[in-house]
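Quick notes on the structure that follows.
Quick note: the coordinates plus some simple rules give every number you see, no bench work behind them. Note that this is a predicted model, so its numbers are computed, not measured. Neighbour counts run over all protein chains shown; Cβ positions are idealised from the backbone, glycine included.
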Amino acid sequence: MRIPRRLLPCVLALLAVFVLAPRGAAAREDLSPRARQAYQAFLAGDFARALRESEQAVRENPRLAGNWATRGYILSKTGDKNGAVPAYEQAIRLNASDPVARNNLGSVLLDLSKPNEALHYFDMASRLRRDYADARNNRGAALERLGRQREAQRAYLEATRIDPKHAEAHNNLGVIHLKAGNVAAAAASFARAAALNPEFEAPALNLAMLDDGADSEEALRRLEEAAARPGASPQLKARALAARGAREADARRWEEAHAYYTKALGYTPNDPSLLNNIAVVEDQLGMDREAMLHLDQALELDPDLTVAQNNLGIVHVHRDRLDLAESVFRDLLEQDPNFHRAHYNLGVIHASRGEVTQARRSFERAAQLSPRDAGSRYNLAILARQRGVDPASERRAYEEVLALDSSMAEAHLSLGTLLADPETPANLRDPARARRHLRRFLELAPRGDEEGRQQASDWLAWLDANIR
């Protein structure tokens, strides 16, 4: 019984973490005239002058916290993150009650891949000002980097409660929904963020990455352009590479996808979603050991990443460790009884053991929870064939599966075999279509599927020898 056992990717989307400009800079009492000039020069796009003026401002008036905060902001926005850290630290020493400086220092530390330190400053900023939505949003981003997804979601929700028009927090909620596999909720959050701030590119890009339509390539191009700009964060660079990797994976160009994901990991080696996705590709390349290692890393960073838990179980299935795999899927169903992929994968295990009744129940539950899941429908068709369903119903079932997912290699093989088999009733056989489906299987099948490839090749050879 040939059963699809594909690993599931995470959809990779942008995180929106940003540094606030000093609020009301011109009106601050702790800001010298030269620091105000530096800030105005920055706003005018004269970055060289802004850097010179801000440096002179802290030399002339080193006791003014606003001067140091302005210096830190200009350094961070012109790409010198490391230089911005001591400037913000000095601003905080001089004015311990300034929540903006603490928030901005946290943002810089987050850009420097120091989420634990960043979280400390976001927490302090939030305590100093309870209605500080930006700090709550950024706190969520730090928690997300630390793999604390549920806490991150609460922080983003707090930001939207404080400020219902906070586009960045709505966008980041969308990312959390994606990691939990809730695409509809993610799309709604991204759409809300895009409507609130049409100039904010992240949610529009994220929506486009969810869409398989004609605009998705344009969205990817814009993302790559943003990542190529001076000062682009490592996270943005990684997202652009990972998005291109996902595009290659969708086209089943697994080696190219692996190369892009590997480069992306060089920028963000502790991204659980990225680690999961490279494991998906490694599974297709037959690299079970590497896939297992990357999934272990992803789950160490984010124990609640359900797709990675699911994928770890699938790799166990690939290695014939069915008892281990079953425990993984049952644990998942304890967490979420409606996680249809866990029901599906339990069906795979039951089928592998010859437990037909249990397999059918699991696949039926998966199909009930996700009616457009082609895999469940396909496996139910295979089970029906084993019970002796009539060939016309069998053929119709495979055609319905391929209408849902035209890239399911196993369905092409099953339909091609049925259409070629001389035991199939003459009114249902179709040698020309059989050849197309068998060849399509050979294009789609993983390289390690030697049995399936041999079966398809044998049928093609038989058709060439017997059907003119």
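Phi-derived couplings, Karplus 6.51 cos²θ - 1.76 cosθ + 1.60 at θ = phi - 60°, listed residue by residue for the range 358-373: 5, 4, 4, 4, 5, 5, 5, 5, 4, 5, 5, 6, 9, x, 9, 7 Hz, with x used for Gly and Pro.
In this Cβ point-charge picture (+1 for Lys and Arg, -1 for Asp and Glu), the chain has a dipole of about 840 debye about its Cα centre. When peptides 92-99, 421-428 are ranked by their average number of other Cβ atoms within 10 Å per residue, the highest-first order is 92-99, 421-428. Each 10 Å bin, from zero up to the one with the longest distance, holds this percent of the alpha carbon pairs of the range 405-468: 25, 55, 19, 1.
Against the compact-protein benchmark of 2.2 N^0.38 Å, the Cα-based radius of gyration of the range 25-163 scales to 1.06. Computed extension length for ASP123-GLU217: 30.0 nm, one decimal, from 0.36 nm per residue of separation with the Cα-Cα distance subtracted. The string of couplings for the range 147-164 from the Karplus curve (6.51, -1.76, 1.60, θ = phi - 60°) is x, 9, 5, 5, 5, 4, 4, 4, 5, 5, 5, 4, 4, 6, 6, 5, 9, x Hz, one whole number per residue in order, with x for Gly and Pro.
Working ranking of peptides 171-179, 456-464, 336-344 by packing, defined as the average number of other Cβ atoms within 10 Å per residue, highest first, is 171-179, 336-344, 456-464. The count of lysine pairs in the chain whose Cα atoms are under 28 Å apart, excluding pairs fewer than 8 places apart on the same chain, comes to 15.
When you count the other C-beta atoms within 10 angstrom of each residue and take the mean per peptide, 361-370, 141-150 line up highest first as 141-150, 361-370. In the chain, taking the dipole from charged Cβ atoms about the Cα centre, the farthest positive-side position among HIS343, ALA232, ASN82 is held by ASN82. If I compute Rg and Dmax of the Cα atoms in Å from the structure I just sent, which labelled value in (i) 27.1, 94; (ii) 25.0, 94; (iii) 22.0, 70 lines up? This structure yields the entry labelled (i). Using R₀ = 25 Å, calculate the FRET efficiency as 1/(1 + (r/R₀)^6) where r is the Cβ-Cβ separation of ASN182 and ASP296; round to 0.05. So, using R0 = 25 Å, E works out to roughly 0.50. By the count of other C-beta atoms within 10 Å, a proxy for reagent exposure, LYS77, LYS165 are ordered fewest to most as LYS165, LYS77.
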